[in-house]
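The values are calculated or read from the model by the stated rules, or taken from the named source; none is laboratory data. A quick note: this is a predicted structure, and the numbers were derived from the prediction, not measured. Glycine gets a Cβ as well: all are built from the backbone with ideal geometry, and neighbour counts include every protein chain shown.
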Amino acid sequence: MKINLGLAQIAPRLGDLQANLDKHLDYIDRARAAGVDLLCFPELSLTGYSLQDLTYTVAMHPGPGNPVFDPLLDATRSGDLDLVVGFVDRDARGRFFIASAYLAAGAVTHIHHKVYLPTYTLFDEGRYFAWGDDVRAFDTRFGRVGMLICEDFWHLSTPYVLWLDGADIMLFHSASPGRGLDSGDRLSSVRWVEMINKAYAGALTSVIAHCNRVGFEDGLAFWGGSFAFNPDGELIAQGPYYEEALVLATVDTNDIHRARYRLPLLRDERTRLTMRELERIHAPNAAGE
Amino acid sequence: MAADTRLKAKLSDEVRAALDAKLEINTDLARKILTRFIAEEVTKPGFKRAVVGLSGGIDSAATAFLAAEALGPENVLCVRMPYRTSAPDSLADAQRVIDQLGVPALTVEITPMVEPLFARFPDMDNNRRGNVMARARMIVLYDQSAAFGGLVIGTGNKTEILLGYTTLFGDSAAAMLPLGDLYKTQMRQLSRAMGVPAPILDKPPSADLWIGQTDEGELGYTYAEVDRLLYLLVDERYNLDEAIERGFAPAFVHGVWQRVQRNQFKRVPPLVCKISRRTQGHDFLYLRDWGL
């Protein structure tokens, strides 16, 4: 199956839900005109990233009846375009999560809460947000998919868990501020994100797509450069750095099977062995603890 | 002031070359990010213009080059603000930048602004007089900000900000500091790549607050020397002992770091004593770009 994937690397306006919704609807129109089947927006695409005390005022309950989600759900109702959007999820008990929602055929079919909240150097997410506690693959009309948000995929375990849970297509999204200017052609943090995702694509023989926002928030420069890697770890599309763009990538899901004939890493993966060793390492009375 | 020889870094050629390589930057990338930063952070609050104080030195020249590229030269007002003892070369060098960029320019003498205060306090030393001049220039720039309808873009670089080699509410006053995360040596690389005129690149850095003043004479070490150390201590998070192990003279390391520490007050907003439940500066937390 061929999937026409769109990566909307936008610059959200900090804390302005209406302006960001309008931008989403504009990119949805452009994507539909370009024949896109699945359109992904970046982390916190509806709210902006450095929310601080705005966290509490931009949070929402996703789904029907929400004035921001209703027009987005309408956009998917015809069934020819699925969406991934980023927002602040507020649960019934007043906890806030950095979240991504998958929207298809007029419904929210999956929500991922960010499970790793960077709270170091320039990052302060743990001050405002609760930690997500699930990493789950889910079914779409394109096959089984996994979603992760930025820092989630800086940890090896999360893509691995999604892979074992059946995900063949990984949809990653970020609000990644660039850092580390040296003599290289890209900032060092940019090189790191590109390297690790290329490695995941090859090691998991899976499709990896990453949508990263652009624009500035105070002094933070979000670098864009959204990309897709095929299951051989080869780059199939990449957007410009530092500019808004609708990045188009055609993903051939048959590449996944072909890669796995040649390199049966999934077939040979010894999950039981991994679990046994993890249980030994985490056993409460293990030697040395 | 004579340089204290104990402060001189005694690095091996190998370590010096390795650190200089670390301080090398991709100037095209820096230029791309910084011009976009200026364009976006000026236009988001509803402006399209900027005001830059042009001293004739490299920092303000580089800032004017970036601003002109980001906003269009017609939208950047460059203001020269000489005092009667300012080096004549400074005015001429600033003019080179104005001519090369084709920006609108203005010359506002600060002599009649500052002399009455100097006359009122005839015992003022160079330091006080220099601070008064820097703050008089701030007044001129912020007045032109209102007249021209542009944000004031500051010219401070990372070395200067870390060492506190700046006048609080004088040259430190600005809406943004595009060069604020580039060490002086990195900013020089960027300036060369952007085509800042050679006489500006080649002359010794000076605040030009009194005759014969040079930055490096006042600091007691060169920017090249101190940038290598600051890079290790700040960017690479070396502790002082690790920096000394790398070959820097202990007195130099301790002296520089003490200077960084003592000048922290110039890098933070004025302190507010928290007595209410929610307080700006403590837990009323929003970016400048709130809703922009």
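Descriptive notes on the structure:
- Within region A:152-167, the set of residues being crowded, with 23+ Cβ neighbours inside 10 Å and either at pLDDT below 95 or assigned to a loop (DSSP other than H, G, I, E, B) (or both) comprises just one member, A:ALA167.
- Failed item, numbered, when A:GLY202 is tested on (1) in contact with a Lys or Arg (Cβ under 9 Å, 6 or more places away or on another chain); (2) not in a strand (DSSP E or B); (3) not charged (D, E, K, R): (1)
- Selection count where residues are touching a Phe, Trp or Tyr at 6+ places or on another chain (Cβ under 9 Å) and at negative phi, scope region A:169-191: 14
- Among residues of region B:40-67, those that are within 14 Å of chain A (Cβ to nearest Cβ), without any contact (Cβ under 8 Å) to a residue 60 or more places away in the chain and buried (at least 19 other Cβ atoms within 10 Å of the Cβ), counted: 1
- Selection status of A:PHE138, in contact (Cβ under 8 Å) with a residue 24 or more places away in the chain, away from chain B (no Cβ under 14 Å), surrounded by fewer than 19 Cβ atoms within 10 Å (Cβ to Cβ) and not hydroxyl-bearing (Ser, Thr, Tyr): yes
- Region A:1-31: number of residues that are more than 17 Å from the chain's Cα centre (by Cα) and either loosely packed, with under 15 Cβ neighbours inside 10 Å or within 14 Å of chain B (Cβ to nearest Cβ) (or both): 15
- All positions within region B:161-175 that are within 14 Å of chain A (Cβ to nearest Cβ) and either buried (at least 20 other Cβ atoms within 10 Å of the Cβ) or among the basic types (Lys, Arg) (or both): B:ILE161, B:ALA174
- Count - residues of region A:32-54 that are among the hydroxyl-bearing types (Ser, Thr, Tyr), within 14 Å of chain B (Cβ to nearest Cβ) and out of contact with any helix residue (DSSP H, G or I) (no Cβ under 6 Å at 6 or more places or on another chain): 2
- Residues that are assigned to a loop (DSSP other than H, G, I, E, B), within 14 Å of chain B (Cβ to nearest Cβ) and either at positive phi or surrounded by 22 or more Cβ atoms within 10 Å (Cβ to Cβ) (or both), drawn from region A:213-243: A:ARG213, A:ASP218, A:GLY225, A:TYR242
- Strands (runs of 3 or more DSSP E) fully within region A:70-145 counting 2 or more residues that are within 26 Å of B:PHE284 (Cα to Cα): A:82-90, A:96-104
- Every condition in (1) in contact with a strand residue (DSSP E or B) (Cβ under 8 Å, 6 or more places away or on another chain); (2) within 14 Å of chain B (Cβ to nearest Cβ); (3) over 30 Å from A:ASP74 (Cβ atoms); (4) among the hydrophobic types (A, V, I, L, M, F, W, C) is met by A:LEU181 except one, and the failing one is (1).
- Selected residue (criterion: surrounded by the most Cβ atoms within 10 Å (Cβ to Cβ)) from residues of region A:181-212 that are in contact (Cβ under 8 Å) with a residue 40 or more places away in the chain and closer than 26 Å to A:ASP124 by Cβ: A:HIS210
- Selection from region B:91-107 of residues that are surrounded by 18 or more Cβ atoms within 10 Å (Cβ to Cβ) and in a loop (DSSP other than H, G, I, E, B): B:VAL103
- Residues within region B:15-32 that are facing another protein chain (nearest Cβ under 9 Å), surrounded by fewer than 19 Cβ atoms within 10 Å (Cβ to Cβ) and assigned to a helix (DSSP H, G or I), tallied: 4
- Taken together, the criteria place A:ARG77 among residues that are more than 14 Å from chain B (Cβ to nearest Cβ), farther than 27 Å from B:ASP289 by Cα and basic (Lys, Arg).
- For the criterion of being in contact with a Phe, Trp or Tyr (Cβ under 7 Å, 6 or more places away or on another chain), surrounded by 15 or more Cβ atoms within 10 Å (Cβ to Cβ) and at pLDDT 95 or above, B:MET81 fails.
- Candidates A:GLY126, A:GLY178, A:GLY143: the one that is surrounded by fewer than 21 Cβ atoms within 10 Å (Cβ to Cβ) and in contact (Cβ under 8 Å) with a residue 24 or more places away in the chain is A:GLY143.
- Any helices (runs of 4 or more DSSP H) falling wholly within region B:201-292 and containing at least 3 residues that are surrounded by fewer than 12 Cβ atoms within 10 Å (Cβ to Cβ) and either free of Cβ contacts under 8 Å to residues at least 40 places away in the same chain or out of contact with any strand residue (DSSP E or B) (no Cβ under 6 Å at 6 or more places or on another chain) (or both): B:250-262
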